[in-house]
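Quick notes on the structure that follows.
The values are calculated or read from the model by the stated rules, or taken from the named source; none is laboratory data. For clarity, every value in this text was computed on a predicted model and none was experimentally measured. Glycine gets a Cβ as well: all are built from the backbone with ideal geometry, and neighbour counts include every protein chain shown.
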Amino acid sequence: MTRPGQPTPLESRASDALGGRVRVPGDKSISHRALILGALAVGETRISGLLEGEDVLNTAKAMSALGARVDRTGEGVWSVRGVGVGGFAAPDKPLDFGNSGTGCRLAMGAVAGSPIAATFDGDASLRGRPMRRILDPLEQMGTRVPSQADGGRLPMTLQGARDPLPIVYRTPVASAQIKSAVLLAGLSAPGTTTVIESETSRDHTERMLRQFGAQVTSIPEGVHGRRISLIGQPELHGANVVVPADPSSAAFPMVAALIVPGSDIVLEDVMLNPLRTGLFRTLREMGADIVPDSEWFDVGDGDPTQLVHLNLEQAANLRVRYSKLRGVTVPPERAPSMIDEYLVLAVAAAFAEGMTIMRGLKELRVKESDRLEATAAMLRVNGVNVEISGDDMIVEGRGFVSGGGLVSTHMDHRIAMSALVMGLASDTPVKVDDTAFIATSFPDFIPMMRGLGAEFA
């Protein structure tokens with residue numbers, strides 16, 4: 001299974017104004033789903049703009065091990081020839097997802113609909129993350145778990161159901177991974193599989209299932225929720241997928257430009273799905289100068305060489321300029337739309353004037369690390385006053401950060417990138433203990449930031 005190599009520490013120093021135009025990598029959520037749905041489809045799926053980070057590459061290897069033909073045909077361009085719904089073959093060896101919870105959990109749902117056994121594993125970080133929330137609905141659908149590590153953790157073996165059952169399942173937390181696993185398993189079940197969310201999570205799976213030929217409906221449920229229903233046993237067809245730039249990756253150069261005086265950058269082709277833009281909304285409330293200079297929509301299945309996007313996903317170029325930020329309160333219902341961005345938001349909050357209160361961050365405790373505690377530790381070691389109260393994080397912004405700390409990244413790519421961004425405007429350099437895991441989601445982060453003017457040493 002995946003093991004980290006030697007740590008690669010890095011220091012981030014106060015930089016001159018950042019400037020330039022960049023396109024961050026393709027969206028990770030869409031990249032995972034494009035590979036998995038392509039593997040479940042009949043015919044060829046062509047993907048351009050795929051994120052070629054370690055997380056996504058591990059999903060590509062897993063789909064190949066399950067019987068799909070997966071080929072890289074150019075930079076960011078991939079071809080997947082699928083086996084059809086329920087057509088996976090038993091892999092010869094365990095499926096290694098490295099650091100990727102998304103790839104692992106979604107693949108569990110996809111495997112649950114095939115009558116095969118497969119073992120799932122990953123690195124030390126992924127082995128520590130809970131999987132029971134995925135297993136509960138899959139077992140209701142007929143999946144068996146012959147073996148698992150203590151606490152429902154990896155490594156574990158799943159035996160997919162020969163005759164999967166459609167279910168109605170209410171998710172215990174707002175989680176696109178739980179929802180997606182159930183829907184992917186439901187592809188093999190007769191009748192209708194329904195997922196009910198009290199808080200709406202990102203909807204890429206629903207959009208993409210429609211693009212691949214499935215019948216999916218989504219209607220409001222309660223104040224903030226959705227009821228998503230899928231008609232089972234469709235014949236998915238291959239599709240052309242153009243992956244827009246990842247808003248979660250765009251968050252790092254965005255916050256860097258906002259806190260480094262004089263900065264003026266353009267982030268190209270950033271996806272603006274409203275269920276992914278909680279950070280952008282919050283930063284604007286804080287006074288951030290973020291302006292879209294173009295917008296477009298996907299027209300569905302089409303020529304992958306054209307600048308079209310996936311099933312009506314909205315995207316735009318974003319111009320970001322240095323801004324004087326002020327503290328705000330972020331409501332808990334916004335968490336699903338920015339759960340991966342709270343780490344770098346905390347950095348922006350440290351440079352703001354006044355208190356920033358981020359509410360309802362329970363899900364941060366079960367990510368690559370306990371991100372709530374790790375974020376607080378990252379700030380404290382660099383002189384920022386921060387408090388955790390239950391599931392809330394409160395950051396006291398003073399308009400500057402003294403810096404000078406050594407940040408423990410805990411094998412978490414987003415902690416590493418957030419700390420490096422913080423150092424670009426701190427009074428004294430900020431050092432991170434390991435940057436190796438940045439490659440899981442943003443392989444070119446360091447050279448791209450240096451190209452904008454960031455000082456790393």
Helices (runs of 4 or more DSSP H) within the range 115-234 that include 1 or more residues closer than 16 Å to Leu37 by Cβ and either charged (D, E, K, R) or touching a helix residue (DSSP H, G or I) at 6+ places or on another chain (Cβ under 8 Å) (or both) | 176-186, 204-211
Restricting the search to the range 414-457, which residues are of a type in the set (Ser, Thr, Tyr) and closer than 16 Å to Phe351 by Cβ?
-> Ser418, Ser426, Thr428
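Working carefully through the options Ala89, Ala17, find the one that is outside the structural domain of His237 (by TED's automatic domain parsing), surrounded by fewer than 21 Cβ atoms within 10 Å (Cβ to Cβ), at pLDDT 95 or above and assigned to a loop (DSSP other than H, G, I, E, B).
Details: Ala89 fails: outside the structural domain of His237 (by TED's automatic domain parsing).
Checking each option against the conditions leaves just Ala17.
Tell me, yes or no, whether the range 193-213 has at least one residue that is of a type in the set (Phe, Trp, Tyr), assigned by TED's automatic domain parsing to the domain that holds Gly43 and touching a residue at least 60 places away in the same chain (Cβ under 8 Å).
yes
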Single residue of Ser188, Ser114, Ser147, Ser180 found to be surrounded by 21 or more Cβ atoms within 10 Å (Cβ to Cβ), among the small types (Gly, Ala, Ser) and under 24 Å from Asn99 (Cβ atoms) = Ser180
Residues within the range 80-95 that are touching a residue at least 60 places away in the same chain (Cβ under 8 Å) and closer than 13 Å to Thr157 by Cα, tallied | 1
Filter result for Asn99 (surrounded by 21 or more Cβ atoms within 10 Å (Cβ to Cβ) and closer than 30 Å to Ala425 by Cα) = yes
Please name all residue pairs, on different chains or six or more residues apart, with Cβ atoms under 7 Å, provided the first residue is in the range 58-70 and is under 15 Å from Thr102 (Cβ atoms) and the second residue is in a helix (DSSP H, G or I) and β-branched (Val, Ile, Thr).
-> Thr59/Ile36; Met63/Ile36
Scanning the range 352-374 for residues that are touching a Leu at 6+ places or on another chain (Cβ under 6 Å) and buried (at least 20 other Cβ atoms within 10 Å of the Cβ), which turns out modelled with the lowest pLDDT?
-> Leu364
Evaluation of Thr8 against (1) buried (at least 24 other Cβ atoms within 10 Å of the Cβ); (2) among the β-branched types (Val, Ile, Thr); (3) in a loop (DSSP other than H, G, I, E, B) (one fails), failing number | (1)
Identify, please: which residue in the range 312-334 is more than 23 Å from Phe400 (Cα to Cα) and buried (at least 22 other Cβ atoms within 10 Å of the Cβ) and is, among those, modelled with the highest pLDDT?
-> Leu318
Which condition number does Ser248 fail, the rest of (1) within 22 Å of Ser441 (Cβ to Cβ); (2) in a loop (DSSP other than H, G, I, E, B); (3) in the same structural domain as Ile290 (by TED's automatic domain parsing) being met?
-> (2)
Please go through the range 380-390 and pick out each residue that is free of Cβ contacts under 8 Å to residues at least 40 places away in the same chain and of a type outside the set (Val, Ile, Thr).
-> Arg380, Gly383, Asn385, Glu387, Ser389, Gly390
Tell me, please, whether a residue that is surrounded by fewer than 24 Cβ atoms within 10 Å (Cβ to Cβ), in the same structural domain as Met355 (by TED's automatic domain parsing), hydroxyl-bearing (Ser, Thr, Tyr) and within 24 Å of Leu361 (Cα to Cα) can be found in the range 418-427.
-> no
For the range 28-54, how many residues are in a helix (DSSP H, G or I) and either surrounded by 24 or more Cβ atoms within 10 Å (Cβ to Cβ) or of a type in the set (Val, Ile, Thr) (or both)?
-> 13
Check on Ala110, small (Gly, Ala, Ser), in the same structural domain as Ala62 (by TED's automatic domain parsing), modelled with pLDDT of 95 or more and closer than 21 Å to Gly87 by Cβ = yes
Select from the range 375-409 the residues that are surrounded by 20 or more Cβ atoms within 10 Å (Cβ to Cβ), of a type outside the set (Val, Ile, Thr) and more than 17 Å from Ser12 (Cβ to Cβ) and list them in ascending order.
-> Met393, Gly397
So how many residues does the range 417-443 have that are in contact with a strand residue (DSSP E or B) (Cβ under 9 Å, 6 or more places away or on another chain), closer than 30 Å to Phe97 by Cβ and assigned to a loop (DSSP other than H, G, I, E, B)?
-> 3
